[in-house]
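Right, one structure below, let's go through it.
The values are calculated or read from the model by the stated rules, or taken from the named source; none is laboratory data. None of the values given here were measured: they were computed from a predicted structure. Cβ atoms come from the backbone with ideal geometry, glycine included; neighbour counts cover every protein chain shown.
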Amino acid sequence: MNTPSDKALVPFVSVDNMMRLVHHIGIEAMLVELAGYIEEDFKRWELFDKSPRVASHSDVGVIELMPTSDGEAYGFKYVNGHPKNTSEGLQTVTAFGLLADVYTGYPVLLTEMTLLTALRTAATSAMVAKHLAPKSATTMAMIGNGAQSEFQTLAMKAIVGVETVRLYDVDAAATEKCAANLAGLGVSVVKCSSPEEAIEGAQIITTCTADKKNAVILSDNMVGAGVHINAIGGDCPGKTELAAGILERADVFVEFPEQTRVEGEIQQMAVDFPVTEMWEVILGKKPGRLDDRQITLFDGVGFAIEDFSALRYVRDQVKALGFAEMLDMLADPDDPRDLFGMLQRSKTPA
């Protein structure tokens, strides 16, 4: 049997190794570091290939491919979103991703991205809130207490300085789960019985629900002046969480308008509804929060550059720390023109 060459082997980060990596670094430290990588790439925004993700929709969910490149590396993520899955004992979102070298086209990393997507989404939310939320923000309402909620809370704690989270979910068991998971992690947790109760005294309101429908989680009269809304539950056509009146009163910030206008909260609005791209805020080209009464709204749907940042981060950690296994993933014949000969020579003698 032929022994694979170094060129045939690609580092693979399994779920087990991803969990080991998170625990080795520390979840809050990893969220901070991921946010740093994401912010770096937002500052390089104009270098990247940008296109809306390729989505295959069905009655029960969506399967998406999210590709991008900065000219040196190419990355993509496969991800699904199936809200009905939890009723069948399955996760709403699963994902994996790949990073490749543009010069050779050879993959340099394959990794699970179910955990990594939760981490990068939370890191992105907190990185944006650092720029848009009131500087005195210490309390967040977390409406939707599913798989994202703990990650969102810890990212806001580590990056923004949130001290208290007020939890609400239509499923009380989800709230109990989230509260139990956050116990002892340095955040004061308040379990609430309604969205109205959850947003009392909150300077940041995060909405992250899973139903694939046009819902009104926050009505217009619920949102007062001066808050930052982190609206991350809308991520496909026909799925929203906020009343249109909130959008009309807020300054809305997005990742990539061409994608957000199809998938985000602003799909409710006219095609010329004004938005600001976050990369421009981060570079100082456009203003973010202007005063204490402004309502800022991040209409976050997730964009491929954030996944690229996460892949880049994991590649660097694997190089430094390990936490990967080598997969015999690429055929590597001695003569690159003789792939058939490699196959023939691999036959086991009769």
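Brief remarks follow.
- Verdict on ASP332 being surrounded by fewer than 20 Cβ atoms within 10 Å (Cβ to Cβ), in contact with a Lys or Arg (Cβ under 6 Å, 6 or more places away or on another chain) and either over 20 Å from LEU65 (Cα atoms) or free of Cβ contacts under 8 Å to residues at least 40 places away in the same chain (or both): yes
- From ALA215, ALA231, ALA244, residue being more than 22 Å from the chain's Cα centre (by Cα) and among the small types (Gly, Ala, Ser): ALA244
- Taken together, GLY71, GLY75, GLY36 contain a single residue that is small (Gly, Ala, Ser), part of a strand (DSSP E or B) and not assigned by TED's automatic domain parsing to the domain that holds LYS286, which is GLY75.
- Selection within segment 292-350 - out of contact with any Ser or Thr (no Cβ under 6 Å at 6 or more places or on another chain), of a type in the set (Val, Ile, Thr) and part of a helix (DSSP H, G or I): VAL318
- VAL60 being closer than 24 Å to GLU258 by Cβ and surrounded by fewer than 16 Cβ atoms within 10 Å (Cβ to Cβ): no
- Residue within segment 156-169 that is touching a residue at least 40 places away in the same chain (Cβ under 8 Å), within 18 Å of GLY302 (Cβ to Cβ) and in contact with a helix residue (DSSP H, G or I) (Cβ under 6 Å, 6 or more places away or on another chain) present: yes
For every residue, the table says whether it meets (1) under 30 Å from SER14 (Cβ atoms); (2) in contact with a helix residue (DSSP H, G or I) (Cβ under 9 Å, 6 or more places away or on another chain); (3) of a type in the set (Asp, Glu).
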{"site": "GLU241", "(1), (2), (3)": "no, yes, yes"}
{"site": "ALA250", "(1), (2), (3)": "no, no, no"}
{"site": "GLU265", "(1), (2), (3)": "no, yes, yes"}
{"site": "GLY284", "(1), (2), (3)": "no, no, no"}
{"site": "PHE298", "(1), (2), (3)": "no, yes, no"}
{"site": "ILE305", "(1), (2), (3)": "yes, yes, no"}
{"site": "VAL318", "(1), (2), (3)": "yes, yes, no"}
{"site": "ALA324", "(1), (2), (3)": "yes, yes, no"}
{"site": "PRO333", "(1), (2), (3)": "yes, yes, no"}
